[in-house]
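Structure record follows, encoded as structure tokens.
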Amino acid sequence: GPPHRGGLPPADLALDYGVRLLVIALAAWWGSRWVAAPMRRLAGAARGLGPALREGAPPVLDERGGTREVREAAQVFNAMARQLQQQFRARTLLMASVSHDVRTPLTRLRLRLERLERPQDAALVGRCIADVREIDALVESALELTRSEQAQEAPRILDLAALVQAVADDRIEQGQALSCGWADEGGGAAAPVAAPAAATARVQPAALRRVLENLLDNALRHGTRAHLALRREGGAVCITVDDDGPGIPRAQLDAVLDPFVQLHDADPRRHHRAGLGLGLHIARDLVRRQGGTLTLDNLGGGGLRAQVRLPAAP
């Protein structure tokens, strides 16, 4: 066309500005991605720091690449991770060593007390033995926490119906007041019918069994009987443990999952077993490692329900 006085024709001018804007936008997008990449790596490393410390290998960031600020942030993070790892190992070793060393004199003391045969001292000896057993139970709780933190079992696909039935059979053989059943897809009442199909999940079998044992211990400690049930719910498998105990005040349902939190029954006859309030905390920690959740809720007719929800295996 004819030349445009004072510059490019309008169409060419619009195309020129469009190309410039496109180049600037692409350059800005690439620059922002390049600048944000170190922060994304830092966020990912921080997100995986907790699980990595349990496995003994904290993430390490590259301290040589990027700007000066990025290199300094990587150096600070790596130093923090090393210090946390050292403290984590020292605490675990201290707890394990002290707990192990304390059990030896306690066992000797209990055996010596049990050998005393003077009738006039029988009541006193019985109380001393009960105290020793209570201290031993406290030590066992500390050791259980240490073992749970050091657990590195490889996960595998497991038939949860078989595991639930095996745990229930063991308890029933011991004469404990426990029943087991299966619930329908909608979460209806458990009934003695066939186990749900495809009730499988990728879990650590020994760790999940410990979770169920802890939940059953808690249910039978605070109630007179327990009910263990399994159901398939969409893309998840749910295991529930119900009891007929007093339940937990709603305001404290989350607090009892924290370590060293204990709630006592109003009935003093149930205060016969010692503990550090670690059972539910250990159970929740182990369930989280399986990619699941542990929740507590009071039942409508009285009692407590502990529910383990795990993602079903594809």
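Read-outs: derived from the displayed coordinates by stated rules, not from any lab. If you're wondering where the values come from, they're calculated on a predicted model, not measured in any experiment. Cβ placement follows ideal geometry from the backbone for every residue including glycine, while neighbour counts extend to all protein chains displayed.
Take peptides 18-27, 130-139, 156-165 and line them up by average Cβ neighbours within 10 Å, highest first, as a rough protection proxy.
Values: 18-27: 10.0, 130-139: 15.6, 156-165: 17.1.
With the highest mean Cβ count within 10 Å placed first, the list reads 156-165, 130-139, 18-27.
Can you tell me the FRET efficiency between Ala206 and Arg82 if r is taken as the Cβ-Cβ distance and R0 is 25 Å, rounded to the nearest 0.05?
Values: r = 30 Å, r/R0 = 1.21.
Given R0 = 25 Å and the Cβ-Cβ separation, E is 0.25.
For Ala177 and Arg250, calculate 0.36 nm times their separation in residues minus their Cα-Cα distance, and state this gained length in nm to one decimal. List each step's numbers first, then the result.
Numbers: separation 73, 0.36 × 73 = 26.28 nm, distance 2.61 nm.
Extending this stretch completely gives an extra 23.7 nm.
Using 0.36 nm per residue of separation minus the Cα-Cα distance, give me the extension gain between Arg68 and Asp297 in nm, one decimal. Show your work: numbers first, answer last.
Details: separation 229, 0.36 × 229 = 82.44 nm, distance 5.11 nm.
So the extension gain works out to 77.3 nm.
Could I have the simple spin-label model distance between Glu114 and Ala14, label points 7 Å from Cα toward Cβ, reported in nm to one decimal?
9.6
Simple spin-label model, 7 Å along Cα-to-Cβ: Leu26 to Ala57 in nm?
4.0
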